[in-house]
1. Residues to consider are 199, 214; find the one that is over 24 Å from residue 148 (Cα atoms) and buried (at least 20 other Cβ atoms within 10 Å of the Cβ).
2. Please state which one of 500, 456, 528 is within 17 Å of residue 411 (Cβ to Cβ), part of a strand (DSSP E or B), in contact with a strand residue (DSSP E or B) (Cβ under 8 Å, 6 or more places away or on another chain) and touching a residue at least 60 places away in the same chain (Cβ under 8 Å).
3. Checking the condition more than 14 Å from the chain's Cα centre (by Cα), farther than 28 Å from residue 530 by Cβ and modelled with pLDDT of 95 or more, which residue from 326, 287, 282 passes?
4. Give the residue that is farthest from residue 669 (Cα to Cα), with candidates limited to residues of the stretch 607-624 that are part of a helix (DSSP H, G or I) and in contact with a strand residue (DSSP E or B) (Cβ under 8 Å, 6 or more places away or on another chain).
5. Looking at the stretch 234-254, can you tell me whether even one residue there is buried (at least 22 other Cβ atoms within 10 Å of the Cβ), under 36 Å from the mean Cα position of the chain (by Cα) and not in a helix (DSSP H, G or I)?
6. Need the failing condition index for residue 450 against (1) surrounded by fewer than 17 Cβ atoms within 10 Å (Cβ to Cβ); (2) modelled with pLDDT of 95 or more; (3) more than 27 Å from residue 632 (Cβ to Cβ), just the number.
7. Can you pull out the residues in the stretch 391-419 that are modelled with pLDDT of 95 or more and at positive phi?
8. Return the total of residues in the stretch 653-695 being at pLDDT below 95 and outside any loop (DSSP other than H, G, I, E, B).
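The values are calculated or read from the model by the stated rules, or taken from the named source; none is laboratory data. In this text the structure is predicted, and so the values were computed from the model without any measurement. No Cβ is skipped: glycine too gets one built from the backbone with ideal geometry, and neighbour counts run over all protein chains shown.
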């Protein structure tokens with residue numbers, strides 16, 4: 001750890017001898033100062049000698065706490081956080097003027113002693129003990145020792161021991177200082193001191209102090225600036241130049257005169273410098289700590305939650321917190337700055353953060369096939385008080401500083417669709433779907449126990465529907481009827497396999513209301529679920545961190561997305577084909593018709609009873625996103641009916657009226673300038689519900705070993721013949737090749753939005 005001291009300097013043994021002899025005097029003087037108790041002088045001095053000779057001399061140095069830096073996926077800074085705001089720099093990156101200023105004011109004999117300056121100590125003790133000016137006798141090395149001990153303290157008792165006004169503390173510091181001088185060079189000690197010292201205003205070390213007060217590097221400090229900083233270390237709060245410029249200037253001038261006495265500058269140079277007001281040098285910069293000022297504060301907070309909770313960063317909460325507090329980490333995240341900017345703009349434009357309605361909006365984006373969270377935004381500002389401010393993340397579950405979630409509404413119909421395909425259900429088969437129906441055939445799929453009758457009412461259209469039209473119109477009685485036929489287990493299993501859970505972390509219970517989204521979920525989990533469908537059934541755990549390097553540039557282990565095929569490819573792709581029809585399909589009354597983004601996309605609206613919560617979830621081949629809009633105070637208590645939001649009056653808010661446009665605008669911005677990736681789907685039954693540039697491939701089935709396109713044609717003819725009789729019963733048939741409607745002239749199905757009959 002550096003070169004041994006030269007022979008011209010006091011050797012360690014000699015200094016020890018002098019110190020042991022000196023402790024008698026030092027103990028007596030110190031006793032008079034610190035322990036003014038009659039009869040205690042002899043005891044203090046005797047104990048001081050014994051304590052000094054018995055103290056260890058090897059000081060364990062701990063790494064200095066430093067900044068952590070959080071970066072987005074492009075490498076730009078998202079946030080800086082720290083327990084102590086410090087950037088450790090070598091001596092070569094600290095202005096020589098700064099080095100000289102500190103030596104001059106704190107320890108003029110720094111290069112002439114071996115850790116303890118006996119002359120200075122005696123002088124200070126006598127001056128202080130006789131009632132004169134209080135003087136410090138500690139060398140820079142001793143001060144460095146004190147700071148090391150204080151930094152290493154992990155308990156309140158250790159902190160008190162490091163700062164206690166006592167003889168034994170001073171003797172311990174002296175003994176350690178002698179040992180340190182034997183280990184390190186003078187330059188190493190000086191560099192250590194300048195990096196560990198506290199300069200006030202949350203600034204630890206000279207580099208951060210230089211940035212804080214002067215907005216420059218420590219290497220570029222001028223004479224007056226260096227003198228100002230050197231004067232701070234004695235009492236940072238008292239001499240703060242931003243608060244007490246007169247005090248700071250007086251102290252600075254004292255440093256300049258000390259530099260003259262030490263031979264570092266001339267009297268003329270000092271005179272010129274003294275004439276410069278302290279205020280003229282100042283160019284203070286605020287150095288925020290944490291996520292508050294981040295461009296993505298809630299994502300930033302999620303990253304910190306991962307660091308504090310994931311065992312990969314330490315076996316215990318204390319170990320993980322220690323990793324953060326020690327700092328020096330460079331944390332590169334998955335956040336796409338373009339996607340984040342677009343998402344934030346979309347929620348802010350539709351619902352201002354301080355909107356009088358109190359309504360909130362949240363959006364999370366996830367990249368399919370990777371688990372990467374690319375955006376996380378909400379129409380709130382980070383803060384603990386004030387209208388529109390919160391530190392609660394509406395996008396994440398309760399175990400990630402979030403909420404228990406919000407009722408998902410009809411977005412859960414996507415999992416019922418997938419369950420139907422898992423069981424080989426024919427998407428063109430019709431289910432009678434009246435406006436209101438009481439379902440009495442539900443049974444608990446694991447036990448066979450029956451449920452009480454469950455009555456459901458449509459909020460859109462009614463009639464006879466197949467899966468494609470029922471999805472496009474979001475027909476409640478169709479999906480509850482389908483769920484009754486499928487059983488409750490498979491829809492729940494599909495949702496779980498896709499990565500969706502309740503916001504409270506508990507498993508879904510088996511209730512008939514599942515397909516109508518009666519459970520509370522988060523935008524993060526719903527985006528993961530949609531990303532699973534987009535990735536052809538490949539589920540990836542959400543990840544926010546791509547890499548972490550420590551202060552030495554060593555890469556640390558980070559959580560893995562752990563991608564697995566949890567949903568069958570045919571099931572996932574067939575579900576995508578149906579959901580694509582919601583946005584890009586042929587039915588004019590489809591609920592997602594306004595969410596067209598001029599590229600292949602699939603999605604589903606969600607509206608709960610009384611519009612307590614409204615959703616839009618959807619995806620392209622390249623990005624999945626989920627949007628929730630509701631009232632954090634409680635959606636049931638503050639439903640979105642007869643309400644003005646963002647200056648616009650709504651008789652009732654639906655998934656298509658606020659969340660949908662937020663989703664659309666956010667996706668358009670996030671994907672701007674990227675290729676329009678087509679769907680490449682392998683579907684069941686030749687299914688093609690519409691969708692931009694939908695490319696279908698298919699396995700062999702009853703039509704034999706013919707090419708995919710001919711196979712689809714074959715399937716079309718077969719379906720047409722099969723459903724000829726069904727036309728008379730009001731069947732709405734979708735041509736699987738063109739996506740066009742085969743109308744029933746006898747029993748037209750009315751578009752719920754316009755009142756018109758769908759046109760082929």
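1. 214
2. Exactly one residue qualifies, and that residue is 456.
3. Values: 326 fails: modelled with pLDDT of 95 or more; 287 fails: modelled with pLDDT of 95 or more.
From the options 326, 287, 282, the qualifying one is 282.
4. At the first step, the residues of the stretch 607-624 found to be part of a helix (DSSP H, G or I) are 609-611.
Narrowing the set further to residues that are in contact with a strand residue (DSSP E or B) (Cβ under 8 Å, 6 or more places away or on another chain) leaves 610-611.
Values: 610: 31, 611: 28 Å.
Looking at the filtered set, the residue picked out is 610.
5. yes
6. Here residue 450 meets the rest and fails (2).
7. Residues satisfying the conditions are 405, 409.
8. Residues flagged as at pLDDT below 95 and outside any loop (DSSP other than H, G, I, E, B) within the stretch 653-695 amount to 7.
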